[in-house]
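The values are calculated or read from the model by the stated rules, or taken from the named source; none is laboratory data. All of these numbers come straight from a predicted model, not from anything done at the bench. When we count neighbours, we look across all protein chains shown, and the Cβ atoms used for this are built from the backbone with ideal geometry, even at glycine.
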Amino acid sequence: MPMTDMRLSAMTAALTEEFVGCTQNAITAGSIIIGSKAETSSDTKWQRQDVSPFEVVDIEGPEGWTIRLSQSALKKIRTEVALYPTVETGGLLIGMCSARLRAITVVDVIDAPPDSERSASLFVLGTQGLKAAIKARHRASGNTLFDVGTWHSHLADQGPSALDRATAKKLAMERPPPSVLLIAAPTRLYSLMHKGASE
């Protein structure tokens, strides 16, 4: 943004003070610091928002890849699972992918469409209204977030099934970027991606 060197120096000094204040305490969470300049004066108002650590899960498949879930996305997943304790449920993962970092970052989820199928051994993600929901979420993010995969629950602490592996392969063939499959089991998370999806 255009500004004078004097204004840039003043903002940098204030931001440095905010940063030093964050790092002098025991760090248990990240922070987003935003400075807003008043329209009619040189006053700057600073706001700080704490960000809880992301849940990091190694992805089965291509070497070195991880999925990183925000606590808000994980809470939505766990809430959805609690609504359907006797059947598998699921939805769509929203975030971004970095091939350089070998990481898929998930910051939100889209609920399963109404035509989704749930049973004790299978969840099938429906399609009714899904494309429109994806486009709306993409626009709301300033065109920065994408659908990066799907998630579904397992009723027991078991990893990917043969069907899950087939689904991961199908997802990899259908679209870039690398598409991840997340499984929310009762006490842990599993994740997989077909090896061809990351190449």
Response to the item:
The lone condition V124 fails out of (1) more than 19 Å from A168 (Cα to Cα); (2) free of Cβ contacts under 8 Å to residues at least 24 places away in the same chain; (3) among the β-branched types (V, I, T) is (1)
Item to complete: Would you check if S116 is more than 18 Å from the chain's Cα centre (by Cα), free of Cβ contacts under 8 Å to residues at least 12 places away in the same chain and either farther than 23 Å from V87 by Cβ or assigned by TED's automatic domain parsing to the domain that holds L74 (or both)?
Response: no
Worksheet item: Quick check, is E88 in a loop (DSSP other than H, G, I, E, B), acidic (D, E) and surrounded by 12 or more Cβ atoms within 10 Å (Cβ to Cβ)?
Response: yes
Discussion item. Under 21 Å from W151 (Cβ atoms) and touching a residue at least 60 places away in the same chain (Cβ under 8 Å): is that true of G95 in this structure?
Written reply: no
Worksheet item: Where in the stretch 108-194 are there strands (runs of 3 or more DSSP E), lying wholly inside it, with at least 2 residues that are touching a Phe, Trp or Tyr at 6+ places or on another chain (Cβ under 8 Å)?
Response: 146-153, 180-184
Response to the item:
Restricting the stretch 129-187 to residues that are under 14 Å from V106 (Cβ atoms) and among the charged types (D, E, K, R), the one modelled with the lowest pLDDT turns out to be D147
Item to complete: Might you let me know whether the stretch 146-154 holds any residue that is farther than 16 Å from P62 by Cβ, among the aromatic types (F, W, Y), assigned by TED's automatic domain parsing to the domain that holds L69 and touching a His at 6+ places or on another chain (Cβ under 6 Å)?
Response: no
